[in-house]
Amino acid sequence: MQSKRTVNAIIENITGGASSAHAYIVEGRAGAARDAFIKDLAMGLECLDPDVSARPCGRCAACRQVAAGSSMDIVRMQMSGKTGYKTEDAAAFAERLDMGAYGRFLIGVIDDADSLSETVQNKLLKTLEEPRGNVILLLGSSNPDHLLSTVRSRCSSVRVQDDFEEEEESAKAEVLRETARMLYGGRAFHEFRDALEKSVKTRADSLMLIQLAEDISRDRMTAGEDPALMAVRLELCEKARADMEQGMDRSRALKRLYLELKDSNTRR
Ligand SMILES: [Zn+2]
């Protein structure tokens, strides 16, 4: 899993002194994945396992406290306004962070940094600028562009992808693979054309489609299919790519590739 490795890399950087950042923007859509990442990060910082590369271990007393939400070292900024944080919230947060840690770190969490007004962000600058040695701030944000550049410049950034985005990506990849199989042959032109219209939206998609068709050729060559024919098919793919690079409309280039691949099959 991507997130466990990322968490551990950050923990190792902080613990080993490789990163001097005291604040991290955890960028990702609001929801379970971002929350879990922030929790894992807090757990990893507090974790008592002597092996840094194993943090968070999830088993030690510190990890269990963070997991249970009972750690005294996790300070969440409270939102007292209906739609956002108030300056009093920032003041109380900063004051609480002055009190020092019980465990390894004192971790200040701002769950939804997107709802910080400019005034509140300015109020937080001092805390971001002069944190005490073992204070780490974690800011969850769906779009860091909404944060002041003065805030962003004081933070490191880490991107979290949620399950939905991961699923969307793999579903999209599967549709492209299916379209590539149609491009490669055996299906009626109108079926390929419909799939093309539905699944290939960008130049990057088109290039991926050509690459997938090349992969099919290479796989078949490895599996023992007529190497001369496979070489011709690879050349046709390369030609379609060159056509696109020279400005040919991508839909036209791909439809032509379909026809040429079909032709190469019947001509053997
Ligand atoms: Zn632990």
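Work out the FRET efficiency for GLU178 and THR83 from their Cβ-Cβ distance, taking R0 = 35 Å, and round it to the nearest 0.05. It would help to have the intermediate numbers written out before the result.
Working: r = 44 Å, r/R0 = 1.27.
Result of the calculation: an efficiency of 0.20.
Each part reduced to its alpha carbon centroid, segment 13-70 and segment 89-157 end up 16 Å apart. Springs between alpha-carbon atoms under 10 Å, Gaussian network over the chain: tell me which of ASP243, ASP89, ASP73 tops the mean-square fluctuations. Greatest mean-square fluctuation among the candidates belongs to ASP243.
Expressed as a whole percentage, what fraction of the accessible surface of the chain belongs to carbon and sulfur atoms when a 1.4 Å probe is rolled over the protein heavy atoms? Please report the intermediate quantities before stating the final value.
Working: 7190 of 14400 Å².
Answer for the chain is 50 percent, counting heavy atoms of protein chains only.
Which FRET efficiency, nearest 0.05, do GLU197 and ASP249 yield, Cβ-Cβ r, R0 22 Å? Computed FRET efficiency for GLU197 and ASP249 comes out at 0.95. Remark: for residue pairs LYS239/LYS262; LYS4/LYS123; LYS86/LYS126; LYS198/LYS255; LYS4/LYS126, the C-alpha separation exceeds 25 Å in LYS4/LYS123; LYS4/LYS126.
In Å³ and rounded to a whole number, note down the convex hull volume per residue for the Cα atoms of segment 111-268.
Numbers: hull volume 28.8 nm³, N = 158.
Per-residue hull volume (Cα only) is 182 Å³.
Computed extension length for TYR102-ALA171: 20.3 nm, one decimal, from 0.36 nm per residue of separation with the Cα-Cα distance subtracted. Calculated on the alpha-carbon coordinates, the convex hull of segment 2-161 measures out at 105 cubic angstrom per residue. With the simple model of a label 7 Å out from the Cα in the direction of the Cβ, THR119 to GLU95 spans 1.8 nm.
For the chain, what is the accessible area per residue in Å², given a 1.4 Å probe and the full set of protein chains?
On the way: 14400 Å² over 268 residues.
With all protein chains present, the chain gives 54 Å² per residue.
For the chain, a Gaussian network of Cα nodes joined below 10 Å ranks GLY247, GLY140, GLY108 by mean-square fluctuation, and the top entry is GLY247. The GNM of the chain, with springs linking C-alpha atoms under 10 angstrom apart, assigns the highest mean-square fluctuation among GLU88, GLU225, GLU168 to GLU225.
Rounded to the nearest angstrom and listed largest first, the equivalent-ellipsoid semi-axes of the chain from its Cα gyration tensor are 53, 21, 15. Shape verdict for segment 150-243, please, from the Cα gyration tensor: rounded (a/c under 1.5), prolate (a/b greater than b/c) or oblate. Because a/c hits 1.5 or more and a/b exceeds b/c, segment 150-243 counts as prolate.
With respect to the chain, whose longest principal axis is taken over its alpha-carbon atoms, helix 32-46 is tilted by about 50°.
The values are calculated or read from the model by the stated rules, or taken from the named source; none is laboratory data. Nothing here was measured: the structure is a model prediction, and the numbers come from that model. Neighbour counts run over all protein chains shown; Cβ positions are idealised from the backbone, glycine included. Side chains are part of the model used for accessible areas, which takes the heavy atoms of the whole protein and leaves out ligands, DNA and RNA. Shrake-Rupley method; radii C 1.70, N 1.55, O 1.52, S 1.80 Å.
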